[in-house]
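Notes to accompany the following structure.
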Amino acid sequence: MRGIQETLPRLPVPTIEQTLQTYLRAVRPLLSDAEYSHTLELVQRFKQSPGPRLQLMLEGRAANTVNWDYTDKEGQLRFAAKVVAAVLDYKAMIDGQTLTVDMMGGQRLCMSQHSQMLSGCRIPGVELDNHVLHPTTGPNPPRHITVLHNNQVFSLDVYGEDSRPLDTVQLYQQLETIVEMSPKPVPSIGILTTRDRASWARNYSTIISDQANRSAMEDIQRSICVLCVDGEGQPPAGSDHARSLGLAQMLHGGGSSWNSANRFFDKILQFIIGVKGVCGLNLEHTPADGPPIAAIAQHVLAFCEKHQAPGLRASGAMTAPRKLLTELSGDILRNIAESKVEADRLVNDVDMQVWVYDRYGRDFPKSVQLSPDGYVQVVLQLAYFRLYDEPCATYESGSLRRFQQGRTDTIRSCSVDSHNFTRAMEDRSVSREVKVELFKKAVVAHRKYTDQVISGNGIDRHLLGWKLAAAEAGLGVPELHSDVGYSKFFYFKLSTSQVPVLHDMVLGFGAVVPDGYGVCYSPHASWIAFSVSSYLSCPQTDSKRLASTMKQCLDDIQTLLGGPHAKV
Ligand code: COA
């Protein structure tokens, strides 16, 4: 019995689309026309929400049960193969310029960031880093990815002789070979990429003084992306903690004893496949921002949901995977050992909290005619003020992608209006009516400032432009830029970003000052996913405390506005 049991295939989680289509067909004969059209409408709504969230929950649940997900190495590699196939599918759309043009507020956005995410790399320099991109349109375009397993680095050609991408069965076979070729963790150069840039640059120049290692480095830099097939991650202390640890594994790998050496942090995109269903990606931020990254991540998830069959097989013999960087000098090995200590210090300092606010989502602010983004930002101002009794300079990224090659400018979420509100809200002598009025005023002001920024009239990049122009003209730093006010203005104790996503995924980043927080959020119709990070070495910050204060503030504001969950 046991033998037979183990040979049975695992139960797949069907896609949302598949189940809903089947449901509609099956229910049709049982319903009148009017009943059917009502059901159809509900099905469409479910597809938007909460369908995707529930689907993700099932997939998450399946990760810990016998059926509905991978729990072993074979499952991990089969999933990794699908992720690679999904990335190649997306790459074909980028290369063929067939991606649907991104829109914001009814306006078309610049698409150049999409073509800069793949086949690029940051290169360390002692004074200044560099950045390379190997576009498909160039001569000899890259056709391989870099795979890391047990800290060992492989070059894997992912196309067949007919230039068709390998199908998921072929990719699985290649990944299986890589796993066989790297049975145990070894000291590897990946950990060197966690160091400060000048140290890494010095190590890098030692490494590339050897010809074989130089071409290995070029191979990594040219590759389409990195695939990290991880080992076990740090065990979570409870289910809430599991999501925070999962995001931390994507951010830094969890330390040298876990997966931090199984990375190459200079590479623009690293797809990380952990054990037991933990997966995600790590971005080197130079060429692209959150939304295009969220788009590729969503494509990967949708592709994995939809494509159960292997795809079309590439023809001809597959090129065997090549192990890179096998000969490292004693000096480099010593630096690898040192880097582990430093990487662990950094990793152990990160205080990451992932949480979901599920009492309401962006539909509630909309129902009271307020911008959801402005609402969340003003609530965050309140939470910070409640904890520290003072406001702080706050960065929120605002997209400049309405413009050619546009990236971001800063939405200044801390404003006179937000400060007026937070002070009033914490003052028992102020009436509810006044608090409501001040809250609304602050949210409206935030939305107005957002419009100013995204239409190219932000001030942060302009101020920086003046500073750089002065340096170029040999004028030194202008007085305006040396003022104490200027340094306070740019000391962002709150660095924040909204990245909208359809799936139940979570994004995050580190705080940008030692005594600050990094807050990322994705509003959904009826819930909001948050991540909050800070540094444990700072006695003044505490991610869990900020998260719980934000939860309380989100409750309090809804009560203030008389929303459906209001506590009367
Ligand atoms: N009443 C009712 N609805 C309102 C409203 C109001 N007063 N104000 C806004 N809304 C609606 C909007 O029409 C929009 O509707 P939709 O969901 O149908 O599109 C929705 O609420 C959300 O709008 P809002 O919350 O105001 O924000 P936004 O979606 O315009 O996003 C930013 C604001 C700043 C996040 C966005 O402009 C941006 O720049 N995004 C990119 C950020 C980025 O690059 N992040 C990554 C950096 S690495």
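General observations
- Qualifying residue in segment 234-244 (condition: within 25 Å of R78 (Cα to Cα), aliphatic (A, V, I, L, M), open to solvent by 10 Å² or more (accessible area, probe 1.4 Å) and free of Cβ contacts under 8 Å to residues at least 60 places away in the same chain): yes
- Complete set of residues in segment 323-376 that are closer than 19 Å to S495 by Cβ, outside any strand (DSSP E or B) and aliphatic (A, V, I, L, M): L346, V376
- Residue list for segment 449-462, filter: free of Cβ contacts under 8 Å to residues at least 40 places away in the same chain and buried (at least 17 other Cβ atoms within 10 Å of the Cβ): Y449
- Close pairs (6 angstrom Cβ cut-off, 6 or more residues apart or separate chains): surrounded by 12 or more Cβ atoms within 10 Å (Cβ to Cβ) in segment 35-50, not charged (D, E, K, R) and not in a helix (DSSP H, G or I) anywhere: S49/A525
- Breaking point among (1) touching a residue at least 40 places away in the same chain (Cβ under 8 Å); (2) within 16 Å of the ligand (Cβ to nearest atom); (3) closer than 28 Å to H252 by Cβ; (4) in contact with a strand residue (DSSP E or B) (Cβ under 9 Å, 6 or more places away or on another chain), for T541: (2)
- Residue under evaluation V434, criteria (1) away from the ligand (no atom under 13 Å from the Cβ); (2) in a helix (DSSP H, G or I); (3) more than 17 Å from L382 (Cβ to Cβ), criterion not met: (3)
- Qualifying residue in segment 61-77 (condition: outside any helix (DSSP H, G or I), open to solvent by less than 20 Å² (accessible area, probe 1.4 Å) and in contact (Cβ under 8 Å) with a residue 24 or more places away in the chain): yes
- Enumeration of residues in segment 380-414 that are among the small types (G, A, S) and surrounded by fewer than 21 Cβ atoms within 10 Å (Cβ to Cβ): A393, S397, G406
- Of the residues making up segment 491-510, those that are modelled with pLDDT of 95 or more and more than 16 Å from the ligand (Cβ to nearest atom) are Y491, K493.
- When each of G563, G510, G476, G456 is tested for being under 27 Å from the mean Cα position of the chain (by Cα), of a type outside the set (D, E, K, R) and assigned to a loop (DSSP other than H, G, I, E, B), the lone residue that passes is G510.
- Test for A201: is it assigned to a helix (DSSP H, G or I), modelled with pLDDT of 95 or more and of a type in the set (G, A, S): yes
- Every residue from segment 377-417 that is assigned to a helix (DSSP H, G or I), within 16 Å of the ligand (Cβ to nearest atom) and in contact with a His (Cβ under 9 Å, 6 or more places away or on another chain): Q377, V378, Q381, D417
- Restricting V126, V101 to residues that are without any contact (Cβ under 8 Å) to a residue 60 or more places away in the chain, open to solvent by 40 Å² or more (accessible area, probe 1.4 Å) and either touching a Cys at 6+ places or on another chain (Cβ under 8 Å) or not in a helix (DSSP H, G or I) (or both) narrows the list to V101.
- Residue ID - farthest from Q405 (Cα to Cα), chosen from residues in segment 251-301 that are aliphatic (A, V, I, L, M) and more than 15 Å from the ligand (Cβ to nearest atom): V275
- Residues that are open to solvent by 30 Å² or more (accessible area, probe 1.4 Å) and free of Cβ contacts under 8 Å to residues at least 24 places away in the same chain do occur in segment 169-181, at least one of them.
- Filtered by the rule that a residue be small (G, A, S) and either more than 17 Å from L370 (Cβ to Cβ) or away from the ligand (no atom under 13 Å from the Cβ) (or both), segment 443-456 gives S455, G456.
- When the residues of segment 328-376 are filtered to those that are away from the ligand (no atom under 16 Å from the Cβ) and of a type in the set (S, T, Y), the one that is surrounded by the fewest Cβ atoms within 10 Å (Cβ to Cβ) is S329.
The values are calculated or read from the model by the stated rules, or taken from the named source; none is laboratory data. Please read all numbers here as calculations on a predicted model, not as lab measurements. Ideal geometry is used to build each Cβ from the backbone, glycine not excepted, and the neighbour counts take in all protein chains shown. Please note that ligands, DNA and RNA were not included when accessible areas were found on the heavy atoms of the full protein model with its side chains. Shrake-Rupley method; radii C 1.70, N 1.55, O 1.52, S 1.80 Å.
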